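Below you'll find the structure I mean.
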Amino acid sequence: MQAVFFWLFSALAVGCALGVVFKKNPVVSAVFLMGSMLALACLFLLLDAHFIAVIQVLVYAGAVMVLFSFIIMILNLPQEELPPLALGGTRAWGVAFGAVALLFLAGKFFPTKEGFMPTSRGFGDVRSIAVPLFREYALAFELTSLVLLVGIVGAVLLAKRKV
Amino acid sequence: MAGPSSYMFVAAILFLIGAVGVVVRRDLIVILMAVEIMLNAVNLQFLAFARQLGQSEGQVFVFMVMVVAAAEAAIGLAFVLLLYRTRKTINVDNINLMQG
């Protein structure tokens, strides 16, 4: 049962990611990106990372995607001003690079039958993340707040600058 | 059963799609989206190993990656806005001021 859901949501995530890259209109790309994020959140649930799955939906499918669609709406590019996907040569080289790298990686990480080891009770819930986050990684956690503050102030400063 | 190798396979495919997107696309907004796909592929990998090793530290790292990704998206999109106001384009081929 888990394997069925795994392959279903993996196919959804990969298909939507392909849609992001190969659709010309950025609005369509943004909607595909949201689909990919939601499918990944389901994969996170299958990995027993319940808290991270919720955060994924809130932060990515919520905040980041709203930011993307906001910018697309503010710019409001007319259809003919959208950049082309790529010049023929660049596109062919990019796809060829991807295919070669995929063959290489498929040789290394081909899916095997082996499953996961059983986990202890309470793995992936809020407590099991909060304890290391506020003990060993307390400094890193405080620094993330600084990163976000710089992000907010920097974004406002950049976007409001008179040019 | 879907084990760690299956998750690594899917994460590798997603990362490659993101990398190809950065190379292939000319639209700065979509390039940022492709970067988000790559970050998500890394998150999936982290969570798969956290599950395999039964340790929550991997999930803590995913949390950190998400924070940095959110900040990166905000700053990157502010740049896109500023760039569009000054140069009237978001095509990376036309942004060649620093090209030697």
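The values are calculated or read from the model by the stated rules, or taken from the named source; none is laboratory data. Everything quoted here is computed from the prediction, not taken from an experiment. Positions of Cβ are backbone-derived with ideal geometry, glycine not excepted, and every protein chain shown enters the neighbour counts. The protein model used for the area step is the full one, side chains on, heavy atoms only, and it has no ligands, DNA or RNA in it. Shrake-Rupley method; radii C 1.70, N 1.55, O 1.52, S 1.80 Å.
By its C-alpha gyration tensor, with a ≥ b ≥ c as the square roots of the eigenvalues, how is chain A shaped: rounded for a/c under 1.5, else prolate for a/b larger than b/c, else oblate?
oblate
Another question, if that's okay. Mind checking A:134-145 for the average number of partner chain beta-carbons within 10 Å of each residue's beta-carbon?
Mean shielding count: 2.
May I pose another question? Please report the net charge: other residues with Cβ closer than 14 Å to the Cβ of A:A17, K and R +1, D and E -1.
After counting each charged neighbour, the total is +1.
While we're on this one: What accessible area per residue comes out for chain B, rounded to a whole number of Å², with a 1.4 Å probe?
On a per-residue basis, chain B sits at 36 Å².
First measure r as the distance between the Cβ atoms of B:R85 and A:K24, then evaluate 1/(1 + (r/R0)^6) with R0 = 35 Å and state the FRET efficiency to the nearest 0.05.
Efficiency computed from Cβ-Cβ geometry: 0.90.
Only helices at least 24 Å long along their own axis, judged from Cα atoms, and with Kyte-Doolittle mean hydropathy of 1.6 or greater: name those in chain B from DSSP H.
B:4-24, B:28-53
For a Förster distance of 45 Å, can you work out the FRET efficiency between the beta-carbons of A:A106 and A:F134, rounded to the nearest 0.05?
0.65
Let me ask something else. From the Cα gyration tensor of segment B:4-88, with a ≥ b ≥ c the square roots of its eigenvalues, which class applies: rounded if a/c is under 1.5, or else prolate if a/b is larger than b/c, or else oblate?
oblate
Ranked from the most accessible area to the least, with a 1.4 Å probe and all protein chains present, what is the order of B:E72, A:E136, A:E81, B:E36?
A:E136, A:E81, B:E72, B:E36
By a straight-distance test (C-alpha under 20 Å), which aspartates and glutamates pair with A:K113 as possible cross-link partners, with residues fewer than eight away in the same chain excluded?
By straight Cα distance, A:K113 reaches A:D48.
While we're here: How long is the gain from A:K162 to A:L8 if the chain were fully straight, where each residue apart is worth 0.36 nm and the alpha carbon distance is subtracted?
50.6 nm
What order do B:F9, A:F134 take when sorted by accessible area (1.4 Å probe), most exposed first?
In descending accessible area the options line up as A:F134, B:F9.
Is the C-alpha gyration tensor of segment A:39-109 telling us rounded, prolate or oblate? Criteria: a/c under 1.5 is rounded; beyond that, a/b larger than b/c is prolate, otherwise oblate.
Judged from the Cα gyration tensor, segment A:39-109 comes out oblate (a/c at least 1.5, b/c at or above a/b).
Kindly report, to the nearest 10 Å², the accessible surface of A:D125 as traced by a 1.4 Å probe over protein heavy atoms only.
About 60 Å², ignoring ligands and nucleic acids.
Within 10 Å of each Cβ in A:31-38, how many Cβ atoms from other chains are there, averaged over the peptide?
Across the residues of A:31-38, the mean count of other-chain Cβ atoms within 10 Å is 2.
Let me ask another. Keeping the other protein chains in place, figure out the carbon and sulfur percent of the accessible area of the protein assembly as shown, with a 1.4 Å probe.
73
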